[in-house]
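So the structure is just underneath, and the comments pick up after that.
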Amino acid sequence: LIDENDGSCTDGDCSLRDAIQVASAGDEISFSVTGTIILTLGHVVLYKELVISGPGPNRLILSGNYTSRIFYNESNVSMSGLTITKGRDSEGGGIYNDGDGVINLDDIIFSDNATTQSENDGGGLRNNGRATLSNVAFVNNSSVGGGGMGNWGTAELINVTFSGNSSD
């Protein structure tokens, strides 16, 4: 559950950042832990095709601790079974899906994420690429525009809930 980046999963610890760094394109990263990972080293950049599978959104929480967003995606990524919370950035408080990004989210909760600049938005998720969301909840996220989600790309939403989000 620690946030460290020594680039090794053979030294007795394998953080999320380590797992992403040592994974090959197309690999799946599955978690064997439950609890909260507090990002202390800034947001995690997803730059290669990956599948990230958590044990369930109530069992694994990724927190930006109100100091950084959680993920910046510029690849083809699928995620499931996670809570994305307390992310904060100028755009995409929880996740920023870049124009080249393709993101598939299933069984994800975005909660208490925010953007910090008035002209930018997407408190929970900012999508500039392609996104497919299934069984996703946006709860108590905030932004000047798109409190839960800001979309400038293509998005397909299936069984998605927005509750308690705010925007101007």
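P(r) tail for segment 117-164: Cα pairs beyond 13 Å make up 53% of the total. Close amide H pairs (under 5 Å, H built 1.01 Å from N) link Leu60 with Gly35, Thr83, residues at least 5 positions away or on another chain.
Distances between placed amide hydrogens fall under 5 Å for Ser75 paired with Val102, all partners being 5 or more residues away or on another chain.
Within the full protein context, the accessible area of Glu49 is estimated at about 100 Å² for a probe radius of 1.4 Å. In the context of the full set of protein chains, residues of segment 46-131 present 34 Å² of accessible surface per residue (probe radius 1.4 Å, heavy atoms only). If the chain linking Val45 and Ser134 were pulled fully straight, counting 0.36 nm for each residue of separation and taking away their Cα-Cα distance, it would gain 29.8 nm. Secondary-structure-derived ellipticity at 222 nm for the chain, considering helices only, amounts to -1000 deg cm²/dmol, per-run term -39500 (n - 2.57) for DSSP H runs with n ≥ 4. Of the options (i) 10.5; (ii) 11.3; (iii) 8.4, only one is mean projected area of the Cα convex hull in nm² as computed from these coordinates, and that is (iii). Assuming R0 = 25 Å, can you tell me the calculated FRET efficiency for the pair Trp152 and Thr116, based on Cβ-Cβ distance, to the nearest 0.05? The computed FRET efficiency comes out at 0.85. Projecting the Cα positions of Val51, Asn104, Ala23 onto the charge dipole of segment 1-105 (unit charges on Cβ atoms of Lys, Arg, Asp and Glu, taken about the Cα centre) puts Asn104 furthest along the positive direction.
Of the solvent-accessible surface of the chain, computed with a 1.4 Å probe and all protein chains present, 43% belongs to carbon and sulfur. Take the Cα of Asn65, step 7 Å toward its Cβ, do the same at Ser90, and the gap between the two points is 2.3 nm. Net charge in the neighbourhood of Gly26 (other residues with Cβ under 12 Å of its Cβ; Lys, Arg +1, Asp, Glu -1) is -2. In terms of accessible area, using a 1.4 Å probe and ignoring ligands and nucleic acids, Thr132, Thr154 rank largest first as Thr154, Thr132.
Local charge for Gly87 was computed over the other residues whose Cβ lies under 13 Å away, with Lys and Arg +1 and Asp and Glu -1, and equals +1.
The values are calculated or read from the model by the stated rules, or taken from the named source; none is laboratory data. The structure displayed is predicted, hence computed values, not measured ones. Every residue, glycine as well, gets a Cβ built from its backbone with ideal geometry; the counts of neighbours run over all protein chains shown. With ligands, DNA and RNA removed, areas are computed over all heavy atoms of the protein, side chains included. Shrake-Rupley method; radii C 1.70, N 1.55, O 1.52, S 1.80 Å.
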